[in-house]
Amino acid sequence: MPTVDLSIHGLLEGNFFNFLIIVGLIVYAGVKLNASGALEAAKKSVEKLLKESDEHKINSQKTLETAKNEVKDLPLEIEKIKREGQNTIETFKKATQEELAQAVQRLEINAQKALDTEVQKVSSALQKEAAMKSVEVAQNKTRNNLLENSSLHRKFIDEAINKIEELEI
């Protein structure tokens, strides 16, 4: 079995002593550099990042769930909008047809009034022309009668004079 030299000279030349020196230096450097504080700070920083990451993940999941819920009802909403649009079109179409029917009715009434007015004008013109022709025919007949019968001429003059005398009285 190998022997271990525990003498000072043996310890100084051995690996074990070198190992203890290195461990001592690491401990000394850790104390001087406040390694435990740095490790604690790094640990807290990592924990903070993990917490923020978890919060972000939860918020993202909530946002995703909200978006899914909104999209889930989207086809129903689209169908509802289509129905409302169709109803609006039907209402507008019906209103337009009613307005058109009323406009046609007003045009027919106005056309009938214009036609009645024109008929009245033509009727008046025809009555006036008929009256003028009647007067003309009566004048011609009276002249012919007066020319054919001179006694009627004298009688007509006498009647006219009597009428004038009656007016002066």
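The values are calculated or read from the model by the stated rules, or taken from the named source; none is laboratory data. This one's a predicted model, so the numbers in the text were calculated from it and none came from an experiment. Heads up, the Cβs are rebuilt from the backbone with ideal geometry, glycines too, and the neighbour counts pull from every protein chain shown.
Listed values, structure above:
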item: Among the candidates 77, 84, residue that is among the acidic types (Asp, Glu), modelled with pLDDT of 90 or more and surrounded by 10 or more Cβ atoms within 10 Å (Cβ to Cβ); result: 84
item: Flag for residue 57 being within 30 Å of residue 156 (Cα to Cα) and either more than 26 Å from the chain's Cα centre (by Cα) or of a type in the set (S, T, N, Q) (or both); result: no
item: Filtered residue count, segment 114-169, keeping only those that are surrounded by fewer than 10 Cβ atoms within 10 Å (Cβ to Cβ) and not in a helix (DSSP H, G or I); result: 1
item: Top-ranked residue in segment 1-50 [being among the charged types (D, E, K, R) and surrounded by 10 or more Cβ atoms within 10 Å (Cβ to Cβ); ranked as modelled with the lowest pLDDT]; result: 5
